[in-house]
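Here, each number is a calculation from the coordinates, and none is a lab measurement. From a predicted model like this one, the values you see are computed outputs, not experimental measurements. Note that we place each Cβ from the backbone using ideal geometry, even for glycine, and neighbour counts take in every protein chain shown.
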Amino acid sequence: MQELSLNVNGRPVHTSVDVRMLLVQLLRDDLRLTGTHVGCDTSQCGACTVHVDGEAVKSCAVLAVQVEGCNVLTIEGVAVHEVLHPMQEAFREHHGLQCGFCTPGMILAGMDIVRRRGHQLDEHTVRAELEGNLCRCTGYHNIVKAIIAGAQAMGSPASVAAE
Amino acid sequence: MFTFNYHRPDTLALALDTLTANEEAKLLAGGQTLIATLKQRLASPSDLIDLASIPGLRGIEVNGDRLVVGAMTRHADVENSTLVREALPVLAEVAALIGDPAVRNRGTIGGSIANNDPSADYPAACLGLNATIVTDQRRIEADDFFVGLFETALAADEIVLAVEFSLGGQGAYEKFPNPASRFAMAGALVWRGDGVRVAITGAGQDGVFRWTEAEEALAGDFSVAALEGLELSGDEMIGDIHGSGAYRAHLAGVMTRRAVARIVRS
């Protein structure tokens with residue numbers, strides 16, 4: 001077992017883990033943050049996408065011990081109290097989900113696209129950037145619309161002021 | 001996953017000591033291949049030595065006429081580096097085609113080349129751009145580094161520190177990705193500088209290789225027409241559920257011609 005300290009959604013976590021434990025297992029099984037999903041478990045589908053120190057990673061392809069000292073953000077930490085994050089709100093508004101299984105990963109991937117590509121996104125860019133996130137309902141059309149709208153909303157004065 | 005002892009040394013010396021002391025140890029860089037391999041129980045190292053805390057292994061700089069990329073530099077760093085985009089744009093192009101954005105936020109150049117997957121992108125970049133691999137012990141030319149399938153010239157107790165690329169010339173990388181895995185079904189890196197180099201990944205049974213016949217033809221006449229009639233042998237290419245050897249040989253030719261066409265147009 002290995003001692004492990006990190007921050008998850010802004011809260012410090014001190015725990016002891018088997019060195020083989022994946023980050024997604026730590027989040028789901030130990031911390032009971034089950035919003036992060038396991039789809040393929042082979043780092044193809046992106047359902048397990050979370051942020052580590054502000055950047056999207058596939059938590060099924062990272063060992064828990066590798067994130068010692070890091071800040072991890074999961075879907076549970078995206079909203080501020082009861083107010084949805086602009087990217088979540090855009091998914092609701094544009095019906096960017098059907099069964100919802102891929103949605104947590106899509107939202108965290110969407111936020112990472114904004115970090116890297118800015119607030120003014122076009123469809124081509126979003127589709128290319130989403131190559132690592134699969135939706136088995138094939139609901140990409142509305143997902144892409146939601147991310148474009150969410151990106152804009154994240155750059156609006158009200159959203160910037162809230163952060 | 002079989003269990004292992006996890007180490008996270010904060011100096012290179014400590015990492016080397018641990019590596020030397022444990023014959024069955026493996027180095028962990030970004031983990032984007034190794035962790036999947038461990039999960040499938042295709043590897044069972046006694047010790048895992050995480051290189052993440054060793055200072056000085058991550059970063060990009062221009063040193064004279066060389067671009068130096070630290071071994072722990074992630075694909076996203078290379079893809080988005082202004083320095084790389086200006087000094088050696090083809091390298092940023094290669095990095096941007098690896099995996100997907102989340103994978104590129106973790107995967108590293110050192111990890112990729114030390115693994116030498118026959119369908120990976122960086123081996124083609126290193127071989128095509130005549131890179132030098134710098135380790136804690138020596139400097140290895142790319143021509144001598146990629147030995148075979150998942151095999152390199154690295155000794156068991158050797159650690160890649162950086163990859164150096166010469167500046168100058170023009171390069172282009174064309175890749176036909178497998179739509180599911182995004183690994184190359186065939187990829188061609190063509191470079192035109194003092195001479196011409198053509199490196200093919202994704203296709204060869206022994207991993208990345210130089211297509212010398214194409215290089216010779218292009219050295220005389222750098223044009224798509226110069227490649228007419230040149231074909232790789234399907235017998236020496238990978239054949240699997242994704243495509244036959246003949247298909248990959250054909251694809252490698254197409255990718256090479258596209259890369260040449262792009263350099264000619266630029």
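Treating each Cα of region B:138-213 as an identical point scatterer and ignoring solvent, apply the Debye formula and state log10 I(q)/I(0) at q = 0.23, 0.27 Å⁻¹.
Here the Debye-derived log intensity ratios amount to -1.22, -1.29.
According to the Kirkwood expression over distinct Cα-Cα pairs, how big is the hydrodynamic radius of chain B, in Å?
Answer for chain B: a Kirkwood hydrodynamic radius of 18.7 Å.
Determine, for each peptide in B:109-115, B:155-161, the mean count of other beta carbons within 10 angstrom over its residues, then list the peptides with the highest first. All intermediate terms of the calculation are to be shown ahead of the outcome.
Working: B:109-115: 25.4, B:155-161: 17.1.
So the peptides B:109-115, B:155-161, ranked by packing, come out B:109-115, B:155-161.
Taking 0.36 nm per intervening residue step and subtracting the Cα-Cα distance, what contour gain separates B:LEU149 from B:ALA246 on full extension?
33.0 nm
Toward the positive end of the charge dipole of region B:171-266, about the Cα centre and with charges on Cβ (Lys, Arg +1; Asp, Glu -1), which of B:VAL196, B:ASN178, B:LEU230 goes farthest?
Most positive-ward Cα: B:ASN178.
With r defined as the distance between the Cβ atoms of A:SER5 and A:ARG116 and R0 fixed at 30 Å, what FRET efficiency is calculated, to the nearest 0.05?
Efficiency for this residue pair is about 0.60.
HN-Hα J couplings of region B:134-142 from phi, Karplus 6.51/-1.76/1.60, θ = phi - 60°, integer Hz, Gly and Pro as x?
Taking θ as phi minus 60°, the curve returns 9, 10, 5, 10, 6, 10, 10, 5, 4 Hz for region B:134-142.
To the nearest 500 deg cm²/dmol, what mean residue ellipticity at 222 nm is calculated for chain B from DSSP H runs of n ≥ 4 alone, each contributing -39,500 (n - 2.57), summed and divided by the residues?
-9000 deg cm²/dmol
Between region B:121-139 and region B:155-209, what is the separation of their alpha carbon centroids in Å?
10 Å
For the protein assembly as shown, with only Lys/Arg (+1) and Asp/Glu (-1) charged at the beta-carbon, what is the dipole magnitude about the Cα centre, in debye rounded to 20?
Around 1160 debye, computed over the protein assembly as shown.
Roughly how tilted is helix B:12-21, in degrees to the nearest 10 and between 0 and 90, from the longest Cα axis of chain B?
The answer is roughly 80 degrees.
Across peptide A:113-120, what mean number of C-beta atoms from other chains lies inside 10 Å of a residue's C-beta?
Other-chain Cβ atoms within 10 Å of each residue's Cβ, averaged: 1.
Span-like helices, chain A: DSSP H, alpha-carbon axial extent 18 Å or more, mean Kyte-Doolittle -0.5 or greater, which ones?
A:103-117, A:140-154
For region A:68-126, what is the convex hull volume of the alpha-carbon atoms per residue, in Å³? Intermediate results must be reported in sequence, preceding the final value.
Details: hull volume 7.2 nm³, N = 59.
Enclosed volume per residue, from the Cα hull, is 121 Å³.
What angle, in degrees between 0 and 90 and rounded to the nearest 10, separates the Cα long axis of helix B:245-265 from the longest principal axis of the Cα atoms of chain B?
Between the helix axis and the principal axis of chain B, the angle is about 70 degrees.
Could you calculate the FRET efficiency of B:GLU23 with A:VAL38 from 1/(1 + (r/R0)^6), where r is the beta carbon distance between them and R0 is 30 Å, rounded to 0.05?
According to the calculation, E is roughly 0.30.
Would you calculate the volume per residue, in Å³, of the smallest convex hull containing every Cα atom of region B:160-266?
Convex hull of Cα atoms, per residue: 117 Å³.
What Kirkwood hydrodynamic radius do you get for region A:86-162 when you take the inverse of the mean 1/r over all pairs of distinct Cα atoms, in Å?
Kirkwood radius, region A:86-162: 12.1 Å.
How large is Rg/Rh for region B:5-50, to two decimals, with Cα atoms and a Kirkwood Rh?
The Rg/Rh ratio comes out at 0.97.
Can you give the Kirkwood hydrodynamic radius of region A:47-92 from its Cα pairs, in Å with one decimal?
That comes to 11.7 Å for region A:47-92.
Evaluate the Debye formula for the protein assembly as shown with equal point scatterers sitting on the alpha carbons, no solvent, and hand back log10 of I(q)/I(0) at q = 0.06 Å⁻¹, in q order, two decimals.
Debye output, listed in q order: -0.26.
How many angstrom lie between the C-alpha centres of region A:83-108 and region B:68-111?
For region A:83-108 versus region B:68-111, the Cα centre distance is 30 Å.
Quick one: work out Rg over Rh on the C-alpha atoms of region A:2-77, Rh as Kirkwood radius.
That ratio equals 0.91.
For every helix of n ≥ 4 consecutive DSSP H residues, a contribution of -39,500 (n - 2.57) applies; sum these over chain A, divide by its total residues, and give [θ] at 222 nm rounded to the nearest 500 deg cm²/dmol. Working shown, then result.
Numbers: 5 runs with 51 residues, N = 163.
Estimated from H runs of four or more residues: -9000 deg cm²/dmol.
May I ask you to compute the full-extension gain from B:ALA156 to B:ASN63, defined as 0.36 nm times their residue separation minus their alpha-carbon distance, rounded to one decimal in nm?
Computed gain between B:ALA156 and B:ASN63 is 30.6 nm.
From other protein chains only, count the Cβ atoms within 10 Å of every residue's Cβ in B:49-60, then give the mean.
On the way: counts 0, 4, 0, 3, 2, 0, 0, 0, 0, 0, 0, 0.
Across B:49-60, the average partner-chain Cβ count within 10 Å equals 1.
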